[in-house]
Every structure is written in structure tokens, then in C-alpha cells.
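We did not get these values from a lab; they are worked out from the coordinates using the rules stated. Only a predicted model underlies this, so the values are computations on that prediction, with no experimental measurement involved.
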Amino acid sequence: MEESFNNKTILITGGAGFIGSNLAFYFQNNYPSSIIVVFDIFRNGQTFANGNLKSFGHYKNLIGFKGVILCGDITNDEDLKQLDAFKFDYIFHKAAISDTRIYDQEMIFRTNVNSFHKLLKMARLNNAKVVYASSASTYGSSLAPQKIGDDQPESPYGFSKYNMDIIAKNHMKAFPNIHIVGLKYFNVYGPKEFFKNKTASMVMQLGHQILANKNPQLFKGSQNIKRDFVYIKDVIWSNVLAAKTHKSGIFNIGFGDSRSFLDIANILCKELNSNLSIAYFDNPYLNYQLHTKADISLSAKHLSYFPKYSLEQGIKDFIPYIEKSFNWNNE
């Protein structure tokens with residue numbers, strides 16, 4: 001782990017989003033001599049047919065950031081030419097349509113798949129290491145614990161990430177000298193996710209419901225709906241480990257345990273000193289994933305990834321941000 005990011009040039013696509021902005025500040029705070037370039041389309045108010053925002057990038061996530069900010073669309077070749085002014089050592093690719101309830105297949109594949117080919121070409125030209133965001137959505141309803149290779153994507157988003165993994169594997173074979181690591185994120189939560197709006201984590205949404213003195217709302221049977229929740233600080237550290245390792249590959253990034261939505265509500269009520277009861281309602285979604293748990297054995301073996309934040313510890317650390325953001329305007 002002796003490799004340093006100081007005096008290195010780092011590209012973060014989607015750098016004004018949740019994970020990207022946290023990553024930008026990690027490098028700024030820990031490697032002050034690094035050159036950090038954030039490339040993000042930023043939000044423009046446009047929404048998908050389901051009412052969710054097309055872009056989550058927000059300038060407020062970058063207040064205090066001192067690096068380079070470039071506004072651009074990852075699907076637009078002219079916008080990407082802005083990056084030709086730099087010689088990148090690392091490319092952290094977080095830009096994507098990440099809404100699992102979007103069914104505009106053309107837009108998803110143009111954004112998630114076509115752009116990945118372009119970023120990998122850039123990596124070859126720069127001889128840069130690539131760490132990209134894959135997703136546990138590739139697993140669909142496969143049985144927990146989900147292991148690398150258990151893919152059964154059930155949405156356009158999940159299939160786009162599955163296809164990105166295939167592209168990455170092919171590049172690993174064709175260009176063995178180019179370092180590529182895919183990180184399959186499970187349910188990430190933590191500071192700087194407020195501007196994800198309706199797609200923010202259940203931790204954020206339930207926290208704000210409780211602060212509004214509203215009964216936290218859960219699907220009926222939520223005690224049996226279990227997810228692998230992973231705190232943002234563990235996710236950022238996984239990116240650092242992925243960039244420093246000498247092994248290319250695709251790895252699960254979760255906590256390695258399953259917790260219920262009811263657990264979240266109970267922990268939040270405790271941390272926020274609330275006695276509110278749970279309000280249950282019918283689950284409106286078909287093909288709803290009922291149980292995820294990341295098999296992180298390969299991540300531990302090859303990345304030395306050992307997450308530190310249990311759900312209790314993560315939520316406790318997250319509480320100040322939940323409280324601070326409660327009265328913010330999400331525009």
C-alpha cells in the first residue's frame with residue numbers, strides 16, 4: 001500500500017454526485033499535491049417519465065472543493081474533448097444513469113455502456129488505472145449471498161452494469177497492462193446523498209420522516225426484506241484499495257451482512273430519540289429484491305477490503321448530516 005496519489009492526476013466522472021464527490025474530497029484532504037478533475041453533467045431540472053431526476057450532480061456537493069470542475073455529458077464526444085488537456089494516472093468512473101426504475105433502454109445503454117468504451121479507450125491512451133462503478137443490481141433475484149458470477153439482471157440498469165462487467169473482462173484479456181477494477185456496490189448510504197432526491201437511501205428517507213415527526217413508512221413484511229447496507233466511508237476506502245492493488249478484477253463491495261428495513265427504522269428512532277411507531281403499506285413493486293448479502297471473500301483476499309462500519313455505526317456517523325440536511329431545498 002506504499003503507492004501515493006500525490007502528484008498524480010485523477011479523473012472522477014460523476015464527481016458532483018454522491019460517491020464521486022465523497023471521493024473527490026478524500027483525495028483533496030489526504031493527497032493535497034494531487035490534481036483532481038471532476039467531470040459531471042450537473043442537474044438541469046430534467047426528469048424521467050417516473051418523475052425522478054436525470055442527473056444527481058449538484059454544486060453543493062462540491063462546496064470547498066479546490067480542484068478542476070468540468071461540466072459535460074459523458075455521452076457527448078465534444079464534451080469529452082475537454083479531458084484531452086490532461087494526462088490521467090487514475091480514472092474513477094462513477095457517471096451513469098443509476099435509477100433502477102428507468103426503462104428507457106436507449107438512454108441507459110448510450111450513457112452506461114457506450115461511454116464506458118470511450119473511458120477505457122482514454123485509459124489506454126493515458127496508461128491510466130481504471131476503477132469503475134458496477135452494481136449489485138446485476139444479481140437480480142439470485143440467492144444470497146451473492147457471489148461474483150451469479151448475475152441475473154432484471155432491469156435495463158442491471159443489464160447495463162452486467163454488460164459493463166463483460167466489457168471490462170474483455171479489456172482485461174485484450175490489454176493486460178491496463179489496470180481495471182469493477183466495484184459492485186450494494187446499498188450505499190451516507191453524507192452527500194441528499195441531492196439524489198427520491199432515490200436517496202432508505203436511511204436518509206426514514207431519517208427525514210422521523211425528523212418531520214411522521215411515522216416512518218415501510219412496506220408490509222419489512223422485517224423480512226433484507227439488504228446489505230454499506231456505509232460511504234467503506235465504499236470510498238474500497239475505491240482507494242482498488243486503485244492501489246495490482247490485480248484487475250470485479251469485486252463485491254458491501255458490508256457482508258444482511259439487515260432489514262425495520263432495523264434501519266429502529267436504529268434511527270433510537271439515535272433521534274423518537275418513539276414514533278412504524279406505518280406499514282403494501283409493496284407496489286413487482287420483482288422486488290427481498291434479500292441481498294455480498295460475498296466479500298474475494299474483495300478481502302485481493303483488495304484487503306474489510307469494512308469497518310456496521311449499520312449501527314454507519315447510521316450514528318450519518319446522523320449529523322441527516323439532521324443538517326433536513327430543511328434543505330432539493331433544487
- Query: By DSSP, what percent of the beta bridges with both residues in the stretch 174-265 are antiparallel, rounded to the nearest 5?
  - Reply: 20 percent
- Task: List, in the order given, every pair from Lys87/Lys192; Lys196/Lys233; Lys169/Lys226; Lys192/Lys220 whose Cα-Cα distance in the structure shown is over 26 Å.
- Result: Lys87/Lys192; Lys169/Lys226; Lys192/Lys220
- Item | Cut-off under 5 Å, modelled amide H: who pairs with Phe251 long-range | Gly182, Leu183, Lys184
- Per the Cauchy relation, a quarter of the hull surface: what is the mean projected area of the convex hull of the alpha carbons in the chain, in nm²? 15.6 nm²
- In degrees, nearest 10, range 0 to 90: what is the angle between the Cα axis of helix 202-211 and the longest Cα principal axis of the chain? 40 degrees
- Item | Reference-scaled alpha-carbon Rg (2.2 N^0.38 Å with N residues) for the stretch 120-257 | 1.20
- Query: Taking H as built 1.01 Å from N, whose amide H comes closer than 5 Å to the amide H of Gly256, not counting residues under 5 places away?
  - Reply: Ala294
- Task: Collect residues whose amide H, placed 1.01 Å from N in the peptide plane, falls under 5 Å from the amide H of Val130; neighbours closer than 5 in sequence don't count.
- Result: Ile91, His179, Ile180, Val181
